[in-house]
Amino acid sequence: MADRRVRYYVLFVNYEQGMALHELLTAHGIENRIAPAPRAIQGKLSCGMSVLLEPEWLERAKACIGEHHAEYYDIVPLADQLRAHRDRYC
Amino acid sequence: MSDYVKMWKDLGMDLESHDLLCQVLPTAVGDVFLTQENRPKAMDFWDLVISEVHGIRPAELIEEQKKGRKVFGTFCVYVPDEVVLAAGGIVTGLCGGSQFWVPGGEAVLPKSTCPLIKASVGARLGRTCPFFRIADMYVGETTCDGKKKAYEILGEDVPMYIMDVPQMKREKDILKWKDEIAAFAEKVEEFTGNKITPEKLNEAIHIANEKRKALQRVYDCRKSKCLPISGRDVLLMMQISFFDDPVRCAKMCNRLADELEQRIRDGVSVVSAGTKRILVTGTPLAVPNWKLHNIIETSGAAVVCEEMCTGTRYFENLVDESGTTLDEQFMALSRRYMKTNCACFTPNTGRIDDLLRMAKEYQVDGVIDCSLKFCCLYDTEKYSVSRALKEAGIPVLSLETDYTDADTEQLRTRIGAFVEMLHG
């Protein structure tokens, strides 16, 4: 079953920024996960980590980022990324 | 997202082809790992590593090379990491687990070679894996004919040293393997310019043992009826353990085990009660080969143990740390490594003993014995494995697959039927 849900990927210039935000959000009880940035949204940056947010956590995450001046590159919405039965391996 | 392009360029990688690999990996990681609910928080370390799999660790290795350290790439759990560590070297696993690399391997190898070998050769010759570019020396071994011939081809492109693994397990074979370890130590000393002393080797043995104990702790948690972690997550941990710094690996695995033990105390399971517990055995599942585990765990079952090189064979049995001379230590290493039950040995009844023991320890409902296509050794052992398990009343499903997605529907059908049968 396809999961068409829109999720939000926070992108970073380097993984140190990403881990800092992951730890910051986690410390504030904001659910987030580390995920490889989908190639479609990597733009000029090479492949690497992102922080994945479910939509219900987006506003709290943005507020936390603003309050702590946390560094990030962009926040990009993307649908239909996670499908357990897609069976496309690498 | 860190910018690793300069590093990859400096390594002589084919950036255009590598970019194609960068496109498929995030999709697979998302589908296999991020669709899971209630994963242990400590998995964030491995999520980071796999997200930056061609970035963080390769950059670390290059920094160490700048300090004069040598990187040894290996393909088998029979190669003793301890010897390399004792000489100040670094070990990195090199087995290829992606279909992406297979066509590159088929350019120089017969198609009827197992996908792991084809992918490994393709990753080197196609210049699309930084680990294959970074390693100063490859260390091969004689665990199958396909590898032996592939090493001859790889040896034309990179310094290669081959360890001659015995084919039987008599006392004279254990002595022979001890001599092979001693000869390897001489080669490592020559290549690194560092002397291996009993003190250094003892320290290296201790480091490797601590890593084994940490991996075993995680596996021990899977023996609980309250299953605190999925098979997919443990597989990722195992795959990365071949690449990571051994001290950090032990630390992160112990951190994960702390959380899993707490989960068991709190009754937190990643599956619902009654989910069928599967032991997977057979050929190794090199990163990023997650197909089998993902299909099993999205078919109503859970993988609770892997009796394979990317599983228990990597960490079971410790090396005796009491040796005080190199001779005693090489013997202790030989005795430990020769307990690994690989299908290249004849007879290999120890593997069946292990399977019967683990089926009890991990409270398994059924075994899936899966080999990679064209792996004659493991394919042949299916006969005796299946017979022994059936005699013990343990249901078994024998499968063969490769790295392509072409057989996923067929695998889903067969595994789904097997799980349904386990439910009776």
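Out of residues 5 or more away from B:I162 or on other chains, whose amide H comes under 5 Å of its own, with H placed 1.01 Å from N in the peptide plane?
Amide H to amide H, under 5 Å and 5 or more residues apart or across chains, B:I162 pairs with B:G140.
Let me spell out the model: positive unit charges on the Cβ of Lys and Arg, negative unit charges on the Cβ of Asp and Glu, origin at the Cα centre of the protein assembly as shown. What dipole size does that give, in debye rounded to 20?
That gives a dipole near 740 debye.
Below 16 Å, Cα to Cα, which lysines can B:K276 reach? Residues fewer than 8 away in the same chain don't count.
Once the sequence-local lysines are set aside, what remains near B:K276 is B:K223, B:K225, B:K360.
Report for the protein assembly as shown the percent antiparallel among DSSP-assigned beta bridges with both residues inside it, nearest 5.
30
Say we join alpha carbon atoms closer than 10 Å with springs in a Gaussian network model of chain B; which of B:L260, B:L227, B:L48 then has the biggest fluctuation?
B:L48
Rounded to the nearest 500, what is the 222 nm mean residue ellipticity of chain B from helices alone, with -39500 (n - 2.57) per DSSP H run of 4+ residues and division by all residues?
That calculation yields -16000 deg cm²/dmol at 222 nm.
Determine the sum of side-chain charges near B:G105: Lys and Arg each +1, Asp and Glu each -1, restricted to other residues whose C-beta is under 11 angstrom from that of B:G105. Walk me through the intermediate numbers first.
Values: positive: B:K111, B:K118, B:R124; negative: B:E106.
Net local charge, B:G105 excluded: +2.
Apply the Karplus curve 6.51 cos²θ - 1.76 cosθ + 1.60, θ = phi - 60°, to the phi angles in the stretch B:216-226 and return the couplings in whole Hz, x for Gly and Pro.
Per-residue couplings from phi come out as 4, 4, 5, 5, 4, 5, 6, 6, 6, 4, 7 Hz.
Run the simple label-point estimate for A:T26 and B:N317 please: 7 Å along Cα→C-beta, distance reported in nm.
In this crude spin-label approximation the distance works out to 3.6 nm.
Please state the shape class of the stretch B:5-423: rounded when a/c is under 1.5, otherwise prolate if a/b exceeds b/c and oblate if not, all from the C-alpha gyration tensor.
Judged from the Cα gyration tensor, the stretch B:5-423 comes out rounded (a/c under 1.5).
Would you grab the residues whose amide H sits under 5 Å from the one on B:L227? Only those 5+ places off in sequence or on another chain, please, with H modelled 1.01 Å from N.
B:V270, B:V271
Given an 8 Å cut-off on Cα distances and at least 6 residues of separation, report the relative contact order of the stretch A:6-79 as a percent.
Relative contact order for the stretch A:6-79 comes out at 52 percent.
When chain B is modelled as a GNM with alpha-carbon springs shorter than 10 Å, which of B:G282, B:G73, B:G30 fluctuates the most?
Judging by the Gaussian network model, the answer is B:G30.
Counting only residues 5 or more places away or on other chains, whose amide H sits under 5 Å from the amide H of B:T281 once H atoms are built in the peptide plane?
For B:T281, the qualifying residues are B:E307, B:I368, B:D369, B:C370.
Using DSSP loop states and a limit of at most 10 other Cβ atoms within 10 Å to flag GluC sites (Glu not before Pro), what is the longest stretch of chain B containing no flagged site?
B:157-424
Residues with beta-carbon under 9 Å from that of B:D164, excluding B:D164: net charge, scoring Lys, Arg +1 and Asp, Glu -1?
Values: positive: B:K176; negative: B:E141, B:E180.
Summing Lys and Arg as +1 and Asp and Glu as -1 gives -1.
Which lysines, if any, have their Cα less than 22 Å from the Cα of B:K195, not counting same-chain residues under 8 positions apart?
B:K195 reaches B:K66, B:K67, B:K70, B:K178, B:K187.
Kindly provide the trypsin sites (Lys or Arg not before Pro) of the stretch B:1-96 that DSSP labels as loop, not H, G, I, E or B, and whose Cβ sees at most 14 other Cβ atoms within 10 Å.
B:K67
Find the Cα radius of gyration of the protein assembly as shown, compare it with 2.2 N^0.38 Å by division, and give the number to two decimals.
Taking N as the residue count of the protein assembly as shown, the ratio is 0.95.
Summing Lys, Arg as +1 and Asp, Glu as -1, what charge do residues with Cβ under 12 Å from the Cβ of A:H22 carry, A:H22 excluded? Each step should come with its number before you reach the end.
Values: positive: A:R33, B:K41; negative: A:E16, A:E23, A:E31, B:D44, B:D47.
My count for the surroundings of A:H22 gives -3.
Tell me the relative contact order for chain B as a rounded percent, counting alpha carbon contacts under 8 Å between residues six or more apart.
RCO, chain B: 18 percent.
Bear in mind these aren't lab numbers, they're just calculated from the coordinates by the rules spelled out. The structure presented is a predicted model; accordingly, all values stated were derived computationally and were not measured. Heads up, the Cβs are rebuilt from the backbone with ideal geometry, glycines too, and the neighbour counts pull from every protein chain shown.
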